[in-house]
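**Student:** One structure, pasted below without further comment.
The values are calculated or read from the model by the stated rules, or taken from the named source; none is laboratory data. Since this is a predicted model, take the numbers as computed values, not measurements. Cβ sites come from the backbone with ideal geometry, for glycine too, and all protein chains shown count toward neighbours. These accessible areas exclude ligands, DNA and RNA; they are computed on the full protein's heavy atoms, side chains included. Shrake-Rupley method; radii C 1.70, N 1.55, O 1.52, S 1.80 Å.
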Amino acid sequence: MSTTDPGVLARELAEKLAKGLHVALGRLLDFFDLRLTPELAGKLRKASAHVLHVVLHELVHPLAEEALPWLRELPDADRIFVEELLARMVERAISLELRELLGSEAVLVESFEEQLAELGGYEQLRGLKMDVEDLRLLFSAFLTHADCPGWARDFAIHLLELKDRFLPGEGGR
């Protein structure tokens, strides 16, 4: 189905996610030979806060590829540095907004420490010289213009300019 209406696409994705979750939940209960109790339902609701977090992060990648075609031309370390940091800035900003709308139990917002640990897991980012305060400052800078359409494009360029400061001797342009 082809559409240019974000609402139509959101409904399509929501329907697929709902159907997939329905099937997956049944299969998971079968795998563990469990029945759904109120206590287990509460634990599953809590775990589901990760769903929006992961979806947001994964949606950033095709959007970045579309909006920033120059990313494909970068060496892997540069591309991953920009794309993964940008994904975490966008994911955090939107997750915080959704948390206000849906409640804190509905949306996971990773700590800066968790985000930094994830970044360290990328082979291309092993030499990353960034601490929690650096990440906090980057996010603060991202938020200053987060309401401006296209800001993610400008911020990606800013990240690329900062790359050598945080990942010295890697990649290269």
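**Student:** Relative to the Cα centre, what is the charge dipole magnitude of the range 94-173, using +1 at the beta carbon of each Lys and Arg, -1 at the beta carbon of each Asp and Glu, and rounding to the nearest 20 debye?
**Tutor:** Numbers: 8 positive and 16 negative charges, 73 e Å.
So the magnitude is around 340 debye.
**Student:** Cα-Cα pairs above 16 Å in the range 28-74: how many percent?
**Tutor:** 61
**Student:** Counting only the heavy atoms of the protein chains, how much of W151 is accessible to a 1.4 Å probe, in Å² to the nearest 10?
**Tutor:** 50
**Student:** How many nm is it between the label spots at D33 and L13, if each spot is 7 Å from the Cα in line with the beta carbon?
**Tutor:** Reported label-point gap for D33 and L13 is 3.9 nm.
**Student:** If you don't mind, another one. Once label points are set 7 Å from the Cα along Cα→Cβ at both V23 and I157, what is their separation, rounded to one decimal in nm?
**Tutor:** 4.4
**Student:** Dipole magnitude of the chain about its Cα centre, charges +1 at Lys/Arg Cβ and -1 at Asp/Glu Cβ only, in debye to the nearest 20?
**Tutor:** For this selection, approximately 420 debye.
**Student:** Now for a different question. Could you give the Stokes-Einstein D for the range 72-117 in µm² per second, using the C-alpha Kirkwood radius, 37 °C, 0.692 mPa s?
**Tutor:** In µm²/s, the coefficient is 278.
**Student:** Let me ask another. Take the alpha carbon atoms of the range 124-163, find their center, do the same for the range 27-56, and report the distance between the two centers in whole angstrom.
**Tutor:** Centre-to-centre distance over Cα atoms comes out at 33 Å.
**Student:** For the chain, set up a Gaussian network in which alpha carbons nearer than 10 Å are linked by springs, and say which option among L160, L40, L68 fluctuates the most.
**Tutor:** L40
**Student:** Take each uninterrupted DSSP H stretch in the chain, measure its Cα extent along the helix axis, and return the ones at 30 Å or beyond whose mean Kyte-Doolittle hydropathy is at least -0.5. Show your work: numbers first, answer last.
**Tutor:** Numbers: long enough: 6-31 (36 Å, 0.45); 76-102 (36 Å, 0.26).
In the chain, the long hydrophobic H runs are 6-31, 76-102.
**Student:** Moving on. For the range 107-173, compute the orientation-averaged projected area of the C-alpha convex hull (one quarter of its surface), in nm².
**Tutor:** Taking a quarter of the hull surface, the average projection is 5.3 nm².
**Student:** Moving to a separate point now. Apply the a/c threshold of 1.5 to the C-alpha gyration tensor of the range 14-92 and tell me whether it is rounded, prolate or oblate.
**Tutor:** prolate
**Student:** Counting residues in the chain as N, plug N into 2.2 N^0.38 Å and put the Cα Rg over that result.
**Tutor:** Dividing the Cα Rg of the chain by 2.2 N^0.38 Å gives 1.19.
**Student:** Using the Cα centre of the range 1-96 as origin and beta-carbon charges of +1 (Lys, Arg) and -1 (Asp, Glu), tell me which of V51, L25, L85 is placed farthest towards the positive end of the dipole.
**Tutor:** Going by the charge dipole, the pick is L25.
**Student:** Heavy-atom accessible area per residue, the chain, 1.4 Å probe: how many Å²?
**Tutor:** With the other protein chains kept in place, the chain gives 64 Å² per residue.
**Student:** Could you check how much of the accessible area of the range 60-173 is carbon and sulfur, as a whole percent, using a 1.4 Å probe?
**Tutor:** After summing per-atom areas, the C and S share lands at 53 percent.
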